[in-house]
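Participant: What follows is a single structure, and I will ask about it in a moment.
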Ligand code: ADP
Ligand code: MG
């Protein structure tokens with residue numbers, strides 16, 4: 001009997017991984033902007049054409065990469081962010097899987113220009129479909145510049161199922177919001193087809209919220225601030241009278257990372273109990289901070305689903321923090337408040 005099992009070539013393995021990590025142009029934007037944050041950038045510019053279908057260009061003023069690292073960055077499971085298994089339990093960076101660049105380069109045309117501040121010259125690398133076409137020294141600015149073209153060129157089914165530009169752009173804008181809100185000190189710009197969508201100057205959390213969602217939000221915001229030994233909860237909830245029939249301005253972040261959390265969402269909905277017009281949702285922008293060892297972000301490649309060791313203890317803390325803030329603003333009737 002002859003044996004039939006073989007290891008897949010890297011390019012194929014990368015393309016399979018890409019299927020999970022890179023769903024649409026917005027996934028590329030998310031991964032590259034998170035890398036820029038991890039590189040310590042204070043300014044990140046995102047320049048896209050045709051909702052990312054034609055071009056996604058991201059430049060940052062972060063650490064840059066050495067020539068060898070620039071090449072290594074495209075290998076699967078190659079990362080500077082963790083070294084051993086125990087590091088998985090104390091993640092402080094946005095990335096750690098070492099999969100994003102390998103995935104993107106497997107299904108697109110990628111140009112990287114990068115330079116560390118201490119180096120004389122930088123590096124230019126061109127990769128198409130996991131194949132390195134060019135690597136050479138190049139004059140470039142300090143920091144890193146990625147240009148992604150021809151996304152999904154070798155995955156026709158994905159390419160075909162991309163939505164209209166307006167929809168894909170909306171997804172990109174959502175990703176930028178999820179990064180902009182927990183990182184108000186970072187200057188962020190988004191340019192689409194030559195038009196500025198966001199030009200966000202460094203700010204505090206409140207100003208950043210208003211810069212992203214518009215001035216009318218400002219009058220609605222109620223401050224939330226609670227510090228316990230398990231978790232710190234801070235941010236803002238919108239006044240009940242500004243609640244809307246559609247979801248959209250509900251944001252949870254944990255240690256600077258956007259997450260979906262239906263269970264904690266219920267804590268907020270209950271805190272607003274009886275205060276909301278029927279079938280409406282309040283806006284909220286809540287930042288949770290806790291020991292990274294008490295959460296597991298390694299649930300899904302996109303890391304928006306996060307497991308909390310103490311979720312049952314955190315629920316009432318969120319509930320009480322929001323309740324108290326509403327009470328301080330005289331939004332909660334005092335009888336109800338003492339119950
Ligand atoms: P991960 O972020 O999980 O480590 P990636 O594939 O996204 O994996 O990136 C691989 C590595 O490339 C990173 O660990 C980092 O060292 C380097 N890198 C990627 N983007 C940048 C950047 N914008 N600036 C500096 N280094 C970067
Ligand atoms: Mg990354």
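Participant: Using 0.36 nm per residue, how much length does the chain from residue 163 to residue 197 gain when fully extended, once their Cα-Cα distance is taken away? Write down the numbers at each step before the final one.
Facilitator: Numbers: separation 34, 0.36 × 34 = 12.24 nm, distance 1.96 nm.
The span from residue 163 to residue 197 would gain 10.3 nm if fully extended.
Participant: Measure nothing but the geometry: give the 0 to 90° angle between the long axis through the Cα atoms of 311-328 and the longest principal axis through the Cα atoms of the chain, rounded to 10°.
Facilitator: Helix 311-328 and the main axis of the chain meet at about 50 degrees.
Participant: To the nearest 10 degrees, how steeply does helix 10-21 sit against the main Cα axis of the chain, on a 0 to 90 scale?
Facilitator: Once rounded, the angle reads 20 degrees.
Participant: Here's another thing I want to ask about it. Where the centroid of each part is defined by its Cα atoms, how far is segment 1-78 from segment 107-138 in Å?
Facilitator: For segment 1-78 versus segment 107-138, the Cα centre distance is 13 Å.
Participant: Using 1/(1 + (r/R0)^6) with R0 = 56 angstrom and r between the beta carbons of residue 75 and residue 218, what's the FRET efficiency to the nearest 0.05? Can you show the working numbers first?
Facilitator: Details: r = 46 Å, r/R0 = 0.83.
Result of the calculation: an efficiency of 0.75.
Participant: Same structure again: Based only on the alpha carbon positions, what is the Kirkwood hydrodynamic radius of segment 215-338, in angstrom? Don't skip to the answer; put the middle values down first.
Facilitator: Values: mean 1/r = 0.0673 Å⁻¹.
Across segment 215-338, the inverse of the average 1/r is 14.9 Å.
Participant: Ok, one more. So how many Å³ per residue does the convex hull of the Cα atoms of segment 10-200 work out to?
Facilitator: Hull volume normalised by residue count: 116 Å³.
Participant: Now for a different question. Could you tell me how many degrees, from 0 to 90 and to the nearest 10, lie between the Cα long axis of helix 262-271 and the main elongation axis, the longest principal axis, of the Cα atoms of the chain?
Facilitator: With rounding to tens, the tilt is 20 degrees.
Participant: Now for a separate question. Which stretch or stretches of segment 282-321 have amide N atoms under 14 Å from the point lying 7 Å from residue 266's Cα along the Cα→Cβ direction?
Facilitator: 311-316, 319
Participant: For a label point 7 Å from the Cα of residue 206 along Cα→C-beta, name the residues of segment 221-247 whose backbone N is under 19 Å from it.
Facilitator: Residues 221-227, 233-242 fall inside that zone.
Participant: Need one number: nm distance between label points at residue 296 and residue 242, each 7 Å from Cα along Cα→Cβ, rounded to one decimal.
Facilitator: In this crude label model, residue 296 to residue 242 measures out at 3.8 nm.
Only the coordinates and a few stated rules stand behind these numbers; no lab work does. Quick caveat, the model's predicted, so the values are computed rather than measured. All Cβ positions, even for glycine, are placed from backbone atoms using ideal geometry, and neighbour counts span all protein chains on display.
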